[in-house]
1. Just to be sure I understand the filter: pairs with C-beta atoms under 9 Å, separated by 6 or more residues or on different chains, first member in segment 64-78 and outside any helix (DSSP H, G or I), second member modelled with pLDDT under 90. Which pairs pass?
2. Of everything in segment 1-44 that's part of a loop (DSSP other than H, G, I, E, B) and aliphatic (A, V, I, L, M), which residue is surrounded by the most Cβ atoms within 10 Å (Cβ to Cβ)?
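The values are calculated or read from the model by the stated rules, or taken from the named source; none is laboratory data. Note that the coordinates shown come from a computational prediction; the quantities given were computed from them, not determined experimentally. Glycine also receives a Cβ, built like all others from the backbone with ideal geometry; neighbour counts cover every protein chain displayed.
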Amino acid sequence: MNAINIRIEDAKLVRKLFSLANEHGRSVETEALSILASVLAAEPEFDRLAVARRISAMTPKDHIQTDSTLLLREDRDRDE
């Protein structure tokens, strides 16, 4: 079993944690674990397609893009 110790110096935060644990009828440790688990579960996954669409949206629609194949060939031929 893994364990972590967290020192909480904010008295208001500690009171809130004890209050929530009491409301839910569980130990402070179980309440803290529940809060931590719910926050980590809510973390959004990294969406590569969404990032690509945001980057694409940064390029003006009337701007003609150069084909990367042409740029790679040009660079390759320059080295020969």
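1. Listed pairs, sorted by first residue: 65/59.
2. Ranking the candidates gives 8 first.
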